[in-house]
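One structure below.
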Amino acid sequence: MPTTHDWINNPLGVVDGLFAQSNSSPDWEKKVVEYFKEKLKLNDAHTWVPSLNDVPLHYLKPNSLVKFRCMVQDMFDPEFFMGVYEMNDPTSNSKQVKCGKYKDVTECGQVDFNSRNTVTSERQTFYCVPIPGESNWVKESYAGSSQARVVPSTSYVPNRHKRSYEEDDEMDTQCQQTKDINQGAQSSAESHGNTEPKRQETEAPSQDSSSLHCTSSLDLNFPLPGEKGPACLVKVYEDWDSFKLNDMLEVFGILSVDPALSVIGDERESSLLDPTEGMETMEEQRVHSPPASLVPRLHMLFAQPLAHNNPLLPSSPLENNADYLSSVLGELASVRAELLTFFTHILMGDSLAAEYLILHLISNVYSRRDVLPLGKFTLNLSGCPLSSPFTEHLYKVIQQLVPSSYRLSMSLNNMNTQRMVPRKDYTANRLVSGTLQLAKNTSLFLDETQLEQGQLDTTGVRNITALGNLISWQKVDYDFNYHQMEFPCNINVLIASEGRSLLPSDCQVHLRASLNPPNLEEYLSAVQVAQVPSQLNKYRVYLSVARALNYTISDEITKAVEEDFVDMRKDDPQSMSAEDLHRLLVVARLLSLSHGQNTLSRDGWMKAKQLEALRISRTQQQKCVNGNEP
């Protein structure tokens, strides 16, 4: 059997070996997947596998086993390929049956297309991108835990030292690599093609027109502006219906960067091509078959759905890690007290706002009742000073603590020009991403202090409507031109504003600073710097664990809450509406979870009522000060 490193460096050898032993038994495909799963379970073997997230592509060996932490951004049409094919060996005048699975091109030789042994199979293609808004501390932590040893590919000499994707202006350099590779690949590409004509993997536009402007002509379709990192075409061979758009995955698969995949469109005139292939538009060919040096192919062996992308926690659900959970729960209360102090300093002495910020950051849509998402807790932090670095520093603090986040400056220009809702491009047959195409548990920071006077145009109104729907219903309606398609999401939205936000929210807390530092920027920077990495890691674990805890309410407490609700409405029925009760129950739930308690106690209910009473009292006082505020 293969050695420890062979299954990483030469996974196709394992596949071919199991195929050869199969004697045409269909079970061999399951054995392949089980083989790699078992290997990766041993002694943290998954850390030996290089990751596309933190290793430049030219340091990865073609046809080796790699992994990719990603989000499914789009799903292309299925494609046919030769799962089994027969080759003629002219030297020995013999025929060999070969496996075509997990490959884009066949082995060198003459393929017998008329053989009875040929088996045409189907696979699905996902377009995957790095998790949008993933924090630098997450990337650095994953990269730091890697045990993979990689060296530059021997196919060409890299002209720079090893750097991560975050430090690397990858596209410009690889554009030239693509041009060089293509010049040597055109003569032999079609003769070894493995993909059937339904979806031939070639690049449509000529290099003459695109090589000098490769980065701009090939839109990698990242949802957030300014994102860096690899995009990848993931080939899925089984159970593709179990994956959904926007799923977070860690994919383990076989890397394919064969130059034949980057051959230009002129080579498509081979007589082997199906005439229906010409029905594809040039734009669709370009988008679906980009140069492999820029968008590698990854043939999935299996994928692990990610409940979260916090590298400090076990990757599997917490309920499956009882020992870990019990060890962490004992420390939650003390870590919460430290985090509350930290947030109070950041919020300039406002401990009430700090309490609600904690509740917001651990909120999570845990269920849906009809169209109502349960558990969401959008926080509007009003009273934020204008023309100051406060909101920027507040976002930096959140960014340091949560795995994924994005700050959207709600300037008039951004509202009127930014594409927030994904839309279907029927010409290119792809989903064009938008700012709101985010993975679950992303923290979205809406900075309304940047909104100046002016007129929202049609795009601006549409964007504001989309943000309102996201907040109220935790859904985004993707634009499919002739109709809208609803995609549920689970995104924490924090709105920083001067007055009450123009957007809906579940809870408004008006910031009341008790500190007035002479230099706000220096003060906020000093508070952040004072947090050592080990302390930040405690906060990061705390927030992720508290968010993932299960929660129940006993029948006894439910009855007590109902009686309390009746009592509160006796004197003044207007004092407590059903909506107020719902918010109070959400606060009570989050307050309990924030202390590491997975059920509501009478004491927890009383604390939630006190907290809400303080918040409402402050809001009413602010309304008296600002009589024109709604």
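In terms of packing, defined here as the mean over residues of other Cβ atoms within 10 angstrom, the peptides 407-413, 334-340 line up highest first as 407-413, 334-340.
The GluC sites (Glu not before Pro) of the range 425-513 meeting both criteria, a DSSP state outside H, G, I, E and B (loop) and at most 13 other C-beta atoms within 10 angstrom of the site's C-beta, are 452. Summing +1 for each Lys or Arg and -1 for each Asp or Glu among the other residues whose beta-carbon sits under 12 angstrom from that of residue 300 gives +2. Can you tell me how the range 520-603 classifies by the Cα gyration tensor, rounded, prolate or oblate, using a/c under 1.5 as the rounded cut? Judged from the Cα gyration tensor, the range 520-603 comes out oblate (a/c at least 1.5, b/c at or above a/b). Among residues other than residue 488 whose Cβ falls under 15 Å from its Cβ, what is the net charge (Lys/Arg +1, Asp/Glu -1)? With Lys, Arg at +1 and Asp, Glu at -1, the net is +2.
Coupling constants for the range 514-530 follow from the phi torsions by the Karplus curve (6.51 cos²θ - 1.76 cosθ + 1.60, θ = phi - 60°), and in residue order they are 9, 10, 9, x, x, 10, 4, 5, 4, 4, 5, 5, 5, 5, 5, 5, 5 Hz; glycine and proline get x. Packing order of peptides 353-364, 564-575, highest average first: 353-364, 564-575 (average count of other Cβ atoms within 10 Å over each peptide's residues). Couplings 3J(HN,Hα) for the range 326-332, derived from phi with the Karplus relation 6.51 cos²θ - 1.76 cosθ + 1.60 (θ = phi - 60°), are 5, 5, 7, 4, x, 9, 4 Hz, where x marks Gly and Pro. Rolled with a 1.4 Å probe across the full set of protein chains, the surface gives residue 288 an accessible area near 10 Å². Can you bin the range 439-505 into rounded, prolate or oblate? Criterion: square roots of the alpha carbon gyration tensor eigenvalues sorted a ≥ b ≥ c, rounded for a/c under 1.5, prolate for a/b above b/c, oblate for the rest. Verdict is oblate for the range 439-505. Cross-link pairs exceeding 24 Å between alpha carbons, from the set 244/440; 103/424; 41/244; 228/538: 103/424; 41/244; 228/538. In this entry, the range 20-75 is assigned a mean projected area of 6.1 nm², taken as a quarter of its C-alpha convex hull surface.
Sort the range 357-398 into rounded, prolate or oblate with this rule: let a ≥ b ≥ c be the square roots of the eigenvalues of the Cα gyration tensor; rounded if a/c is under 1.5, and if a/c is not under 1.5, prolate when a/b is larger than b/c, oblate otherwise. Note, shape of the range 357-398 comes out prolate.
The values are calculated or read from the model by the stated rules, or taken from the named source; none is laboratory data. All figures in this text were calculated on a predicted structure; none of them were measured in a lab. Every residue, glycine as well, gets a Cβ built from its backbone with ideal geometry; the counts of neighbours run over all protein chains shown. These area figures cover heavy atoms from the full protein model, side chains too; ligands, DNA and RNA do not enter into them. Shrake-Rupley method; radii C 1.70, N 1.55, O 1.52, S 1.80 Å.
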